[in-house]
Every structure is written in C-alpha cells, then in structure tokens.
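This report refers to the structure that appears directly beneath it.
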Amino acid sequence: MSRAKSPFSPAAVLRGALVPMLVVALWQGLSMSGLINPVVLPSPVAVVERWWAYLLPPDPYDPAQGSWFLWALSGEMLFDAWSSLYRVVLGFAVGAGLALPLGLAMGGKPRIYALMDPLLQILRPIPPIAYIPLAILWFGLGNAPAVFLIAIGAFFPVLMNTIAGVRHVDGIYLRAARNLGVGRTTMFIRVILPAATPYILAGARIGIGTAFIVVIVSEMIAVNSGLGFRILEAREFMWSDKIIAGMFTIGLLGLAIDIGMNRLNNHLLRWHRGLEN
Amino acid sequence: MTPMLKTIADGQPAAWTGAGTAPVQISVRGVEKSFTAGAQPIVALKDIDLDIRKGEFVCLLGPSGCGKSTLLNAVAGFQPPTRGTVNVDGRLITEPGPDRGMVFQEYALFPWMTVAQNVAFGLEIKTMPKAEIAERVEWLLGKLHLQDFRNRYPKDLSGGMRQRVAIARVLALDSPILLMDEPFGALDALTRRTLQDELLRIWEEVGKTILFVTHSIEESIYLADRIIVMTYRPGTIKRDVQVEMPRPRDASAPEFNRLKRELSQMVMEEQQRFSQDEIRSVTAD
C-alpha cells in the first residue's frame, strides 16, 4: 500500500484542516448574519466556550478538598464520558463474552449450529433499540437496562463473525496440526481460535460500534449520567450550544474507542498478512 | 554434542547411500482409491504394491493426476484407501500422526506463530520439557540457517525460508519418516537446488526414510535412491527405478542424462494421456 509521506507534515495538516475550517467559517458567518435564531443554531464560538466550560471543573480549586488531580477531573464532561465508556465496556464485555464461546461452538459443531441457528436468526434482525421497553420492564432504570441493551448490540456481530471465522479456517492448518499429533482441545485453542481471530476482531469492531450507538440511546431513557443523557438534558433547557458541545464530545469518544480498537487489532494481528494501516 | 535425532539402523555410518538391506518400513498392499467427481467415478490409485525400506529416499514421479499425492496422503493417513492397506513398521495406518512428518507444498506454517514457535509446536504437543524444547529448536534453527529469523512471522519470509521452517518443524518431531508433497514445487530454480542439497545433507546426517512426491524428473534423479514412475488414471506403478549414482550427483553427467531421457519418455507417455483426457473433458462440458 502506498502512503503519503507523513500524515503530520505541514502540507498534510493544512490540507486536512481546509474543509473543517471552511465549514466553521461558513457556520460563524451564518450565525453572525443574524438570519438564524441562536437557539436553533448557536455560533461556533459559543459552542467552543460551552464545551470548555463543560470540560472544566465547576468549582475553583480548594486545597482543603484534597488532590489537585481529582479536582482537575471533576468536570461534568469527564464524568459523563467516563460513565458512557464504562457502560460500553461493561456491556460489550458481557455481549462479546457470551457470543465468543457460543460462536466457537456453533462454528465448530454443526449439531450445535443446527440447534441454535433458527432462534438466533429470528432474534438477530431485532434492533437493540426495540428491546428498550422490555429492558426497562425487566431491569427498571439505571445501569442494568443500559448494559443489557449494549450487550445485545455487541452480541450479534461478534457471534456471526466468530462462526464465520471458525468455518473459514483453512483446511491446510488443520491437516498440518493433525500431522503434528494435535488433539481436539489443542486444535481448538491453538489452531482454530488464532486462525479465526481476524474474523473475530472484525466482529468485535462492529460490535463496539453498535455498543456505542446503543449507549447514547439508552442513556437518553434509562439513566441520568453519560453523554447521551447530557445532550437530552441540555435540550430541556434549550441549551443548543451544549447539545452540540456534547455531540462533539461523543464524536471524540467514538474516535478514541476506534483508535484503541485499531491499535489492539494491529497488535493481535501483527502476524497477519495485508495489515498495513 | 549428543545427536539430537535418532539415526536409522543401528551401526549405520552417518553418510550412506542406498538402503538395500535395511528392513521394510512402509508397506503398501493392494491399495486402491476411487473418488466420484460429479457422475464420473475416478480411480486415482489401483493395485499399488510398494515396499520402502528404512532410510530409503524414494521419489514418486508422474504427471498431474497420476495419484502420487493421493498415495502420499494414504501413507500420511489423511485419506484412507478405498481398498488395500498401508502399514508402517507393521502397524496399520488409519490416521495421521507425528511418526510420519509431512511437508506440504503450501508450507502450511501457522501464520500466527513465529518461526521458533512453529518449530516448537509439535514438541509442545508431545509435552516435552521446556528446556529440552528450547534446546532442540535452537539446534534445528541452526541446522536450517534460521537463527536470525526465529522471531519473524511466516508472512515476512520468502518461500524458500518458509519451506526451511516447515522442514525444521517436521524434523523437530524426530519422526522416522518424512513425507514431502512437492515441497520445492513453488520455489525458483536456485532456491530449489539449495534446499535439495540441504535436504540431502540432513537426510544423510539423520537418516530418515523419505517419500517425496515430484513431477520434476531432474529433481527425482538428483535426490532419490529409487524412483517410482506412476501411470495416469488409474494410478499404478509403471516402473520402479533404482538410482545407483553416487552423491552429490552431477546433473550434466552422461549417466544422469541417460536416466533423464529414459524417465522423460515414460513420464511423457503418461503426460500425453493426461492432456488428451483434459482436452476430452473440456470438449465434453
């Protein structure tokens, strides 16, 4: 794959910043023209100010309160981002943790596949959002229904890809392993599982993307913290600048999660061909 | 240093050629293998009787579709024959096992393992103590000139290097028999010759029984004690040729060329039947 010299060379940075700067300039011009009500579309400056205020600690630093570090993290945004991230990670861990063994079993054993597949095919097309009423009925309000919804969102992508991954293991590895005297359990753990990891990780990446969508939605209905909750709360006060500031933060968190997953992928698949990005 | 691998028959000198008096190790009796491809039944192997002695280097030679790989797979235990038996050291073969290490044309290295991990894998399966595994792996990496590549992944190696790793991996098992399915078929001519020489060197040193599938006449003459020429469908043994030339063999020697001409004739007869068949099947479609 050919790459540009460096993504951080001055020319590249300038080129990358061109379109965003144009959009912001247009936006600023539009709000300064007075044609649009600032409640509908606040100016970029107002959004940045609000974002900054959202990030900073609400109270001035008081040494009597203790650690400076904790004070620096006491801003509303960091608390919200942490709450959302916590739910994503927990829900994803539950969903993927159930999907992985089931997928391995279904991919490896046609009988288990035949047994489980019809039910899963019926459940799979139901969007996680459609589980909201049931989730509230079962788990009430709070973290539990949110984690449940996120787990469902993460479950199916990981499951389907794990099944596909196990089924697509190249027969030559199985033959080579049998020739080396590998038994069934070792075959599964040391040959089939690693051979299927490219598929499984692709599923995990889709799964965490779904989990991130679901966390924002579930925070709008079931809990009173998190980035999803905060932008809905801001709407009730007509704080459109805070809504956009929150959305921007959601975007940043999503980007951070994606970069993290990408790093993990590259590390776990460092042996894999055609992995250059 | 104590030898890491068992040598063949007791008291045999390290460098020896020919296994004329050694006991039979692989015994193939009345083997037949048929497949069905669509509605067409194909007899891949028919009436194969073959004895291979301990320490012998035997090449199976023939055109595509002559069943040489099928025969190798029957000995490996991957595809049991439709009829007949394969015995190794008097034991009936029904499944693959580490007593018959296989080298595949596609290398079949585990891409998620480094070179050293690939070589060690078979030993871990045998639950050999860690220190012993490390020692054996080190020794094999040295033997195949892979020391500087021990922490590389297969994707970063050339074809020749990959096949060295695959050879080290089966040598690690210390199996008495090596089965090689066109192992050098995908390599360029120079790499191929280097690996042939290394294989001969290792074989002379550790004395394995080698059953080597190839469609290269020259390769078979260069390597083998004995060449089994096979016919095209049904795959039978057309000729069993002893190669008496001392090693290292000179591919430009008159003897070499005489044998080459003789074998070429036999193989080309079968090759012609193969191409006619191929043309027929294409026109029939």
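The values are calculated or read from the model by the stated rules, or taken from the named source; none is laboratory data. Because the structure is a prediction, the values reported are computed rather than measured. For neighbour counting, all protein chains shown are included, and Cβ atoms are generated from backbone atoms with ideal geometry for every residue, glycine included. What goes into the accessible areas is simple: the full protein's heavy atoms, side chains included, and nothing from ligands, DNA or RNA. Shrake-Rupley method; radii C 1.70, N 1.55, O 1.52, S 1.80 Å.
Summary table
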{"quantity": "Å² per residue, accessible surface of the protein assembly as shown at 1.4 Å", "calculated": "51"}
{"quantity": "Amide N of the stretch B:18-48 lying under 15 Å from the label point, which is placed 7 angstrom from the Cα of B:ASP99 along Cα→Cβ", "calculated": "B:24-28"}
{"quantity": "Accessible surface, 1.4 Å probe, highest first, among residues B:THR231, B:THR191", "calculated": "B:THR191, B:THR231"}
{"quantity": "Nearest-10 value in Å² for the accessible area of A:HIS267, using the 1.4 Å probe", "calculated": "100"}
{"quantity": "Sum of side-chain charges, B:GLU124 neighbourhood, beta-carbon under 10 Å (Lys, Arg +1; Asp, Glu -1)", "calculated": "+3"}
{"quantity": "Long-range amide H partners of A:VAL223 with built H, under 5 Å", "calculated": "A:GLY142"}
{"quantity": "Highest-fluctuation residue, A:ARG184, A:ARG50, A:ARG124 considered, GNM on chain A with Cα pairs under 10 Å", "calculated": "A:ARG184"}
{"quantity": "Cα-centre dipole for chain B with unit charges at Cβ (Lys and Arg positive, Asp and Glu negative), debye to 20", "calculated": "180"}
{"quantity": "Dipole magnitude (debye, nearest 20) for the protein assembly as shown, charges at Cβ of Lys, Arg, Asp, Glu", "calculated": "500"}
{"quantity": "Cleavage-rule hits (chymotrypsin sites (Phe, Trp or Tyr not before Pro)) in the stretch A:2-62: DSSP loop, at most 16 neighbouring Cβ within 10 angstrom", "calculated": "A:PHE8, A:TYR61"}
{"quantity": "Chain A, relative contact order in percent, only Cα pairs under 8 angstrom and at least six apart counted", "calculated": "22"}
{"quantity": "DSSP-assigned coil residues among trypsin sites (Lys or Arg not before Pro) in the stretch A:210-275, each with at most 16 further Cβ atoms within 10 Å", "calculated": "A:ARG270, A:ARG273"}
{"quantity": "Net charge of Cβ neighbours under 15 Å - reference A:ARG50; Lys, Arg +1; Asp, Glu -1", "calculated": "-2"}
{"quantity": "At least 30 Å along the helix axis (C-alpha) and Kyte average at least 0.5, DSSP helices within chain A", "calculated": "A:10-32, A:76-108, A:143-167, A:193-221, A:240-268"}
{"quantity": "Alpha-carbon centroids, the stretch B:141-179 and the stretch A:186-241: separation in whole Å", "calculated": "43"}
{"quantity": "Charge dipole of the stretch A:68-268 about the Cα centre (unit charges at C-beta), most positive-ward option of A:ASN179, A:ILE206, A:LEU232", "calculated": "A:ASN179"}
{"quantity": "Positive minus negative residues near B:PHE104 (Lys, Arg vs Asp, Glu; Cβ under 9 Å)", "calculated": "-2"}
{"quantity": "Cα centroid separation, the stretch B:254-285 to the stretch A:1-75 (Å)", "calculated": "75"}
{"quantity": "Coil-residue chymotrypsin sites (Phe, Trp or Tyr not before Pro) of the stretch A:136-241, DSSP, other Cβ within 10 Å capped at 14", "calculated": "A:PHE237"}
{"quantity": "Lysines with Cα under 25 Å of B:LYS238, excluding same-chain neighbours fewer than 8 positions away", "calculated": "B:LYS33, B:LYS46, B:LYS54, B:LYS68, B:LYS260"}
{"quantity": "Beta bridges by DSSP in the protein assembly as shown, antiparallel share as percent, to the nearest 5", "calculated": "55"}
{"quantity": "Percentage relative contact order, chain B, counting C-alpha pairs under 8 Å, at least six apart", "calculated": "26"}
{"quantity": "C-alpha center-to-center spacing [the stretch A:160-177, the stretch A:97-134] in angstrom", "calculated": "20"}
